[in-house]
1. Could you state the angle between the C-alpha long axis of helix A:265-275 and the longest principal axis of the C-alpha atoms of chain A, as a value from 0 to 90 degrees rounded to the nearest 10?
2. Distance between the C-alpha centers of segment A:209-270 and segment A:32-70? Whole Å please.
3. Would you work out which of A:Phe141, A:Ala164, A:Thr126 lies farthest towards the positive end of the dipole of segment A:109-225, given +1 charges on the beta-carbon of Lys and Arg and -1 on that of Asp and Glu, about the Cα centre?
4. Excluding same-chain residues fewer than 8 positions from B:Lys26, which aspartates and glutamates have a Cα within less than 15 Å of its Cα?
5. So what is the calculated 222 nm ellipticity per residue for chain B, using -39500 (n - 2.57) for each DSSP H run with n of 4 or more, over all residues, to the nearest 500 deg cm²/dmol?
6. For segment A:22-104, just list the percent of Cα-Cα distances falling in each 10 Å bin from zero outward, please.
7. Report, in debye and to the nearest 20, how large the dipole of chain A comes out about its Cα centre when Lys and Arg carry +1 and Asp and Glu carry -1 on their Cβ.
8. Let's see if you can work this out: charge +1 on each Lys and Arg Cβ, -1 on each Asp and Glu Cβ, no other charges. What is the dipole magnitude of segment B:8-82 about its Cα centre, in debye to the nearest 20?
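Taken together, the values in this text are just the output of simple stated rules run on the coordinates, not laboratory data. Small disclaimer: the values here were computed from a predicted structure and weren't measured. Every residue, glycine as well, gets a Cβ built from its backbone with ideal geometry; the counts of neighbours run over all protein chains shown.
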2 protein chains.
Amino acid sequence: MHTSTPLSIRPPQTEIDVATSALAGKFGNRFSINTTVREQHGHTLTWLPVQPPDAVVFPQSTEEVAAIVKLCAQHRVPVIPFGTGTSLEGHVNAPYGGICIDTSLMKRIVAIHAEDLDCVIEPGVTRKELNEHLRDTGLFFPIDPGADASLGGMVSTRASGTNAVRYGTMKDNVLSLTVVTPDGEIVKTARRAKKSSAGYDLTRLFVGAEGTLGVVTEITLKLYGIPEAISAGVCPFPSIRACCDATIMTIQSGIPIARIELLDELTVRAVNLHSKLELPETPMLLVEFHGSDTSVKEQAERFGEIAEEFGGGPFAWATRPEDRSKLWQARHDAYWAGFTLRPGAKSLATDICVPISRLADCVEETHRDIAESHLVGPIVGHVGDGNFHVTLLVDMDDKAEIARTEKFLERLVRRGLAMEGTCTGEHGVGQAKMKYLLEEHPKATLDMMRTVKRAIDPLNIMNPGKVVQV
Amino acid sequence: MHTSTPLSIRPPQTEIDVATSALAGKFGNRFSINTTVREQHGHTLTWLPVQPPDAVVFPQSTEEVAAIVKLCAQHRVPVIPFGTGTSLEGHVNAPYGGICIDTSLMKRIVAIHAEDLDCVIEPGVTRKELNEHLRDTGLFFPIDPGADASLGGMVSTRASGTNAVRYGTMKDNVLSLTVVTPDGEIVKTARRAKKSSAGYDLTRLFVGAEGTLGVVTEITLKLYGIPEAISAGVCPFPSIRACCDATIMTIQSGIPIARIELLDELTVRAVNLHSKLELPETPMLLVEFHGSDTSVKEQAERFGEIAEEFGGGPFAWATRPEDRSKLWQARHDAYWAGFTLRPGAKSLATDICVPISRLADCVEETHRDIAESHLVGPIVGHVGDGNFHVTLLVDMDDKAEIARTEKFLERLVRRGLAMEGTCTGEHGVGQAKMKYLLEEHPKATLDMMRTVKRAIDPLNIMNPGKVVQV
């Protein structure tokens with residue numbers, strides 16, 4: 001239906017120059033073409049090569065973002081929204097150049113509505129900053145992807161993490177968004193009511209769109225009361241399969257578990273090395289329960305019984321914060337501990353997600369594949385959702401190892417897809433997983449994603465070269 | 001961007017004749033142009049005039065639906081998907097004629113995945129049929145909009161109901177959809193993994209689209225373990241405000257309440273009349289708690305304490321099914337009891353939803369408005385979500401009353417919108433609430449909805465004249 005030709009190559013330098021000059025004039029010291037700044041903004045936690053934008057601008061309001069986008073649309077210059085740069089699949093690279101919109105100056109907490117259990121914030125607020133701000137209200141925002149990511153970035157990657165088994169993902173916790181569209185208009189996706197059937201769900205269209213349909217400039221989030229009590233524990237199991245079976249039984253029996261994390265043997269070994277612990281080097285589940293004093297005790301006891309049924313134990317659990325922290329230390333240290341296994345290596349974190357009934361098969365096959373590929377890759381999993389991470393530790397000077405790693409990553413994704421899973425449970429598509437979308441979805445599905453992208457961003461200026469190629 | 005002219009008037013009779021002849025030949029006795037059948041399919045629980053389709057066809061598979069839609073697209077004949085006809089805002093009327101696709105023969109339960117807590121079903125399965133089928137598995141599907149609606153219809157209106165405060169709405173409980181698009185292609189929106197960040201959320205785009213973007217032909221739903229124990233109770237309060245304040249406190253304090261329903265005085269009076277009960281004629285909350293034996297007891301006790309703080313009580317609660325049913329009888333009878341207030345009247349149910357902090361204001365003002373308008377309209381509310389229903393009992397022979405009713409409905413919606421609410425929390429837009437979308441959303445938001453509609457359905461054949469006018 002489209003007659004305009006979408007942008008698929010870098011715009012002429014003259015257009016970029018006109019746009020950057022105009023922005024330099026308007027934003028002064030909130031605008032930069034400094035090489036280091038540009039490279040920082042094209043350089044994220046991915047192992048993909050840096051592709052810096054032509055300039056970085058730091059707006060302070062929705063209206064400023066709209067002005068930047070309008071200017072870019074006029075000159076067909078790409079726009080790349082940027083939060084904290086903690087995404088993992090090349091979401092913020094600028095393959096066609098363009099203007100990076102860094103939202104780090106948009107940190108206002110616009111409103112906290114304690115009675116409605118919601119808040120309105122700007123996209124540069126990070127999850128830790130939000131929870132810090134909420135501390136005296138008795139409320140909290142539960143989604144925790146690990147990194148202290150910006151909420152705008154978390155919206156855009158449809159982030160989740162350890163708490164998702166109980167509180168859902170970003171998809172479930174955004175009530176409304178303000179978004180600057182690719183033509184510089186300002187869309188407010190929904191009212192502040194807790195639910196609505198008033199038209200298409202534009203909120204969910206932007207959640208997970210990775211900045212390819214617009215720039216998120218304000219977010220209304222659900223909040224939760226801080227639980228009266230928390231219990232947490234750690235339980236070794238004889239096998240990955242036993243961990244998964246115990247998890248399935250826990251969820252089926254209706255225990256409202258707040259976190260249930262799998263650590264594989266290698267992760268436990270890394271944590272022992274890193275933190276001088278003496279945990280048994282066997283797969284283990286770390287769990288957390290939220291509720292009343294009575295309820296968290298009961299939940300822990302029932303989990304302990306289930307664990308025992310599957311050969312797990314001893315199950316150590318506690319309710320005092322300092323004791324809980326000690327038990328969960330292995331999980332908190334897991335990422336950094338990984339490096340102990342291979343000092344000097346580059347860490348490459350990826351994720352897939354499968355129906356929970358296939359999780360044990362998938363992790364076991366992946367373990368064999370890692371061994372046969374002569375790679376080092378500890379596994380941790382948000383096992384209640386069927387989601388797990390392989391964090392490969394790669395010697396980037398070893399071309400053969402890199403080649404083996406790339407082949408392994410392909411097999412990993414295909415293994416997940418063959419089990420009715422998805423190529424990414426929570427990290428997103430970015431640049432690195434675009435090729436897998438073609439395998440994950442039927443052609444008609446991908447065509448519909450392209451139709452939506454073309455309709456909303458006919459010039460293809462909004463974070464081009466990510467998610468779907470148009 | 002579009003060059004084609006979208007259909008906005010009835011297609012030429014010759015095109016309709018060609019399409020209906022072809023369908024008659026292909027579907028035999030699963031095709032009807034019988035006037036009664038057609039009128040049944042344009043006649044739903046709305047008070048809008050019947051607008052029958054030109055024919056009704058009863059497909060048995062996704063492929064048959066695709067064939068029907070392809071034929072209709074070729075002749076630019078409208079397609080109106082139909083479930084059980086229990087929608088309330090004119091969703092299945094055929095203002096431009098066309099072919100009604102009745103999904104009532106698509107009732108296969110394709111798969112139950114107990115370990116993954118999901119199932120795959122066809123859209124004609126009703127919620128009661130699904131739960132009947134699940135009975136021996138220990139699992140259930142919680143969403144309960146009142147009517148025994150088809151799951152396809154519930155997807156399409158983004159339905160919710162009494163359980164939404166704990167289990168969410170259809171938005172939160174659909175994992176994946178198979179949809180026939182307006183050009184007759186078959187789109188599968190997602191894999192069966194519990195979460196995914198692999199591209200745009202097409203699932204949520206179709207949930208609540210009211211059949212205007214495609215025909216849902218297969219649904220993957222989340223399931224839940226039947227709670228080990230349930231407690232339920234009823235608690236009178238001195239005022240609507242006290243009910244709302246107790247609700248807010250209950251949710252804030254983290255009690256995982258499964259249902260919390262408000263009945264206003266008039267509803268209680270109706271129930272007393274209808275069911276020969278002797279309930280105190282004062283606002284009341286009906287509550288239900290799901291969990292372990294210990295936990296549902298504790299939840300009920302804590303709710304009782306909160307209720308007392310706000311002047312509520314005595315709080316009667318029970319855990320045995322027969323006792324619970326007795327306590328909840330008032331809620332179950334509420335709809336039919338309404339007619340007792342005005343025998344012979346037509347019932348006109350509508351809903352709005354506001355942030356819960358504004359619910360007491362909104363219901364109180366609505367009560368005053370009903371009185372001043374000389375109307376009869378009992379109110380019940382899914383008060384944990386800020387959602388309430390006014391069921392007006394209208395003498396359809398009284399033109400002046402109808403005029404007063406229409407004015408009241410406008411004020412009701414505007415009152416909700418003025419409180420940051422939505423014109424519909426769960427019934428949907430249909431024909432009747434299209435005009436309010438213009439008031440609920442900024443122009444840019446509605447423009448984006450139109451952009452999406454035009455991109456996916458450029459010929460405007462898919463349930464035209466609903467949700468957004470293109």
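1. Orientation of helix A:265-275: about 80 degrees from the principal axis.
2. Value for the Cα centre distance between the two parts: 33 Å.
3. Looking along the dipole axis, the top candidate is A:Ala164.
4. B:Asp17, B:Glu63, B:Glu64
5. Numbers: 16 runs with 181 residues, N = 470.
Result for chain B, helices only: -12000 deg cm²/dmol.
6. 20, 55, 24, 2
7. Details: 48 positive and 59 negative charges, 236 e Å.
With only Lys, Arg, Asp and Glu charged at Cβ, the dipole is about 1140 debye.
8. Details: 6 positive and 6 negative charges, 9 e Å.
Dipole size: approximately 40 debye.
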